[in-house]
1. Kindly identify the chain as rounded, prolate or oblate by the Cα gyration tensor criterion: order the square roots of the eigenvalues as a ≥ b ≥ c, call it rounded if a/c is under 1.5, otherwise compare a/b with b/c, prolate if a/b is larger, else oblate.
2. Could you give the nm distance between label points at residue 120 and residue 144, where each point is 7 Å from its Cα heading toward the beta carbon?
3. Rounded to the nearest 5, what % of the DSSP beta bridges within the chain are antiparallel ones?
4. How would 203, 39 line up from fewest to most surrounding beta-carbon atoms within 10 angstrom?
5. Calculate the length of the line joining the C-alpha centroid of region 124-195 to that of region 6-25, in whole Å.
6. Hey, in the GNM for the chain with a 10 angstrom Cα cutoff, which one of 205, 190, 141 fluctuates hardest?
7. Sum -39500 (n - 2.57) across every DSSP H segment of at least 4 residues in the chain, then divide by the residue count to get the 222 nm mean residue ellipticity, nearest 500.
8. May I ask you to sort 82, 178 by Cβ crowding, counting other Cβ atoms within 10 Å and putting the fewest first?
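Only the coordinates and a few stated rules stand behind these numbers; no lab work does. Since this is a predicted model, take the numbers as computed values, not measurements. Cβ coordinates were reconstructed from backbone atoms using ideal geometry, including for glycine residues, and neighbour counts include every protein chain displayed.
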Ligand code: FPP
């Protein structure tokens, strides 16, 4: 079983288009899918689930869509606060939060602190204003030349203390990593599906997990 599963939740916009709706409708549906998949992962014994919610490159989108995603995130944190605690899910963010509004930063920190205090189940890691290249840049700034060992770099990343990614899924049909957990996915098993994120299901995830079991992971050895 993978300990750490990472998901690139792609395809919200196309899902909305298929339903003859605005892209924002797809993002709403995408946000709703998160809880179902998180609960399934917790039951399956996955200990860390990383979700790519907003990248450092997503600021290039039209302002109205970016604003909508910020509002959606804020609403999501408000409405799901107690769900995290009831379901014993630890919430953690990665990425550079300093660009977000004070109120959004406070909501993120509040849920991080309370869920860490009260829960001991799966850790859900939400990537917000996250890009691997920016994460590495920020990590290197913390380190001196003498300290540049693999362990020191790992401990300076946003994911310090979190095991490396075992399995990475991208929905939506594209076959790329888009600056998500590049260091941490060095030996991740990759899975790509054409299913758009709002249509992704527990059943499809379960069949991927079964395939993961049968993959031969050699980590560069024989
Ligand atoms: C990709 O769809 C999706 C994102 C921009 C990131 C994922 C966002 C969510 C699941 C919703 C917001 C999350 C929270 C936590 C509130 P896309 O717009 O790139 O789809 P497309 O490739 O079909 O255009």
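1. In terms of gyration-tensor shape, rounded.
2. 3.9 nm
3. The answer is about 0 percent antiparallel.
4. 203, 39
5. 24 Å
6. 141
7. Value at 222 nm, helices only, nearest 500: -15000 deg cm²/dmol.
8. By the 10 Å Cβ count, ascending, the order reads 82, 178.
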